[in-house]
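S.K.: Dropping a structure here in structure tokens format, bear with me for questions.
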Amino acid sequence: MASFDFTGEHVSIVDGYNQRVDLTLREALDLLRWLSDRRNTLLGLTSHSTHQVQSGEKRLEIHLYQDDLEHLDALRTAIPCLRESGSAFKVLDAQLDPVTERAFELLKELRLEYKIHPLLEDNDAFAQG
């Protein structure tokens, strides 16, 4: 869990690993605006992740950035059950069971970031081609 400190001169953020980031007041305002612009996305992703963990369902989540949008049709063909989640970048998710080895090969060929939820306990929980 992160903790935050505002001293009047700067804002400090300390994460659960005790790593600290000090922001100037301008940087803190920029961060606040950025978070505010993405509020609905963050809330949606948080509730979506909570629902998946509660149901115990394994899901594949693909982060499709603007530069990767050309691959969307190929991904939809390989994984017909894909759904889009709204955000600054495309987040696609699907039930893991019907995802074929060919679909995983495609993700690696296209060098796309993906995660399997709930996160696996090994180091391959995050994979990138």
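The values are calculated or read from the model by the stated rules, or taken from the named source; none is laboratory data. What you see is a predicted model, and the numbers here were worked out from it, not measured in a lab. With ideal geometry, Cβ positions are generated from the backbone for all residues, glycine too; neighbour counts draw on all protein chains shown.
S.K.: Do we have L72 as surrounded by 15 or more Cβ atoms within 10 Å (Cβ to Cβ), at pLDDT 80 or above and of a type in the set (A, V, I, L, M, F, W, C) here? Full working, then the answer.
M.R.: Numbers: surrounded by 15 or more Cβ atoms within 10 Å (Cβ to Cβ): yes; at pLDDT 80 or above: yes; of a type in the set (A, V, I, L, M, F, W, C): yes.
Yes, satisfied.
S.K.: Hey, another quick one. Looking for something of a type outside the set (F, W, Y), within 30 Å of D5 (Cα to Cα) and modelled with pLDDT of 80 or more - is there at least one such residue anywhere in the stretch 35-53?
M.R.: Going residue by residue through the stretch 35-53, those that are of a type outside the set (F, W, Y) are 35-53.
Restricting the remaining residues to those that are within 30 Å of D5 (Cα to Cα) gives 35-50.
Filter again for modelled with pLDDT of 80 or more, leaving 35-36.
For the stretch 35-53, residues of a type outside the set (F, W, Y), within 30 Å of D5 (Cα to Cα) and modelled with pLDDT of 80 or more: present.
S.K.: When residues of the stretch 1-26 are filtered for being of a type in the set (G, A, S) and under 21 Å from the mean Cα position of the chain (by Cα), how many remain?
M.R.: If we filter the stretch 1-26 for residues that are of a type in the set (G, A, S), which is where we start, we get 2-3, 8, 12, 16.
When the remaining residues are screened for being under 21 Å from the mean Cα position of the chain (by Cα), the result is 2, 16.
The total comes to 2.
S.K.: Quick one: count up the residues across the stretch 62-84 that are in a helix (DSSP H, G or I) and touching a residue at least 12 places away in the same chain (Cβ under 8 Å).
M.R.: Initial filter on the stretch 62-84 (in a helix (DSSP H, G or I)): 66-78.
Still in the running and touching a residue at least 12 places away in the same chain (Cβ under 8 Å): 66, 68-69, 71-72, 74-75, 78.
Selection size over the stretch 62-84: 8.
S.K.: Separate question: When the stretch 90-112 is examined, which residues are found to be assigned to a helix (DSSP H, G or I), surrounded by fewer than 16 Cβ atoms within 10 Å (Cβ to Cβ) and in contact (Cβ under 8 Å) with a residue 24 or more places away in the chain?
M.R.: So the first thing to find is which residues in the stretch 90-112 are assigned to a helix (DSSP H, G or I), and the list is 101-109.
Remaining after also requiring surrounded by fewer than 16 Cβ atoms within 10 Å (Cβ to Cβ): 101-102, 105, 108-109.
Passing the criteria: only R102.
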